[in-house]
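Colleague: There's a structure below that I have some questions on.
Values quoted throughout were computed directly from the atomic coordinates according to the rules given, and no laboratory measurement underlies them. Values in this document were obtained by computation on a predicted structure and should not be read as measured data. A quick note on method: Cβ atoms are made from the backbone with ideal geometry, for glycine too, and the neighbour counts reach across all protein chains shown.
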Amino acid sequence: MKKRVVVAIFMVIVLSTFTVMAFAANPVKLSVNGQEINTDVPPQLINGRIMAPIRWVAQALGADVQWDGYTVHITGLTSMPDRSISKQQVAQWIKSQGKDKADSYFIEGLSYDLVNLDDDDDLEIMAKIDGGVHLGQFFIFDKDSAGKYQLIAEQDWKVENWDADNPIDIAGKKIFKLVTRTGGTGLDIFNVHLWYMEQGKYIEAWQGTLLERSVMAVLIPESYYKKAGGYQVDVEGKRLYAWETRHQLAEDGVTPIGEIITTTTLYRFNGTGFIK
């Protein structure tokens, strides 16, 4: 998110973003997204313009405001367009642009976020469909030169969670985390994906296992096992440390048996992804 520095104590409220009601005989009221804001210094109508305290406006929009004695610093404020995008619109874009037939998507399980995944001012759309324990889809939409949202990535992933608010900055790239769940009968796998957007494309920098549990066949002891993993990114050294612990399971599918083995792998960032 870009830092915005404002060198005035008051700002003009844009009527398309804020609802301001001004009457000659009544005090000016300030409403942000339908919620009336009570300020210590009331908004004023001056020379045909509505002036309001910047701290109250910015904080109502989720931004942080600091005053250093010379400058008002506003951080964490994202651009406001496209906030009116509805679930129905996202669903229609998935149906019309997705790789599957329009009626094959479980739209009832659709959820989405408007986020800034790159360095421009436009917000991208991250969407996911929860279709079951191991079933789902993941989508990214980006605006084209005409200002229309186009599907740039689609994966048959059941997304457990994503984190678009805390990217890892490495080699000039904003790398995000996504956790998916796959598997089948007797197999459950949680994977982490580190990825970024570049020139309107989804690029996966690394994938690793967070948890894997198999109880697929009681007659094959080797198929009863559990793996647990983790990772740490060294931004300064442009490296990723990944570790994984594995052990066999007893027939109850819970109790560890035999030797517990842990391995650690070092990856380096080559400008595109993390490689051994």
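Colleague: Counting other beta carbons within 10 Å of each residue's own, what order do MET197, MET216 fall into, fewest first?
Modeller: Going from sparsest to densest Cβ surroundings: MET216, MET197.
Colleague: Order these by the 10 Å Cβ neighbour count, fewest first: ARG49, ARG213, ARG239. Don't jump to the answer; show the numbers that get you there.
Modeller: Working: ARG49 10, ARG213 18, ARG239 15.
So the residues, fewest neighbours to most, are ARG49, ARG239, ARG213.
Colleague: Let me ask you something else. Residue by residue through segment 161-169, which ³J(HN,Hα) values in whole Hz follow from phi under the Karplus form 6.51 cos²θ - 1.76 cosθ + 1.60 (θ = phi - 60°), with glycine and proline marked x?
Modeller: My calculation for segment 161-169 gives 6, 9, 9, 9, 8, 10, x, 8, 8 Hz in order.
Colleague: Rank the residues SER223, SER86 as a footprinting-exposure proxy: fewest other Cβ atoms within 10 Å of their Cβ go first. Don't skip to the answer; put the middle values down first.
Modeller: Working: SER223 15, SER86 9.
Arranged by neighbour count, lowest to highest, SER223, SER86 become SER86, SER223.
Colleague: Considering only ILE257, GLY183, TYR241, whose Cα is most displaced toward the positive end of the charge dipole of segment 157-276, charges sitting on Cβ of Lys, Arg (+1) and Asp, Glu (-1)?
Modeller: Farthest towards the positive end: TYR241.
Colleague: Tally Lys/Arg at +1 and Asp/Glu at -1 over every other residue whose Cβ is under 12 Å from the Cβ of LEU266; what's the total? Walk me through the numbers before you get to the answer.
Modeller: Numbers: positive: LYS238, ARG239, ARG268, LYS276; negative: ASP234.
The answer is +3.
Colleague: Would you mind computing Rg(Cα) / (2.2 N^0.38 Å) for segment 102-177, counting N as its residues?
Modeller: The reported ratio for this selection is 1.18.
Colleague: Considering every Cα-Cα pair within segment 167-276, what fraction, in whole percent, is farther apart than 16 Å?
Modeller: It works out to 63 percent of all Cα pairs.
Colleague: Which entries in LYS99/LYS128; LYS201/LYS226; LYS128/LYS177; LYS177/LYS226; LYS128/LYS174; LYS99/LYS148 show an alpha-carbon gap greater than 26 Å? Before the final figure, lay out the partial values.
Modeller: Details: LYS99/LYS128 14 Å; LYS201/LYS226 35 Å; LYS128/LYS177 14 Å; LYS177/LYS226 23 Å; LYS128/LYS174 21 Å; LYS99/LYS148 19 Å.
Violating the 26 Å Cα-Cα cut-off are LYS201/LYS226.
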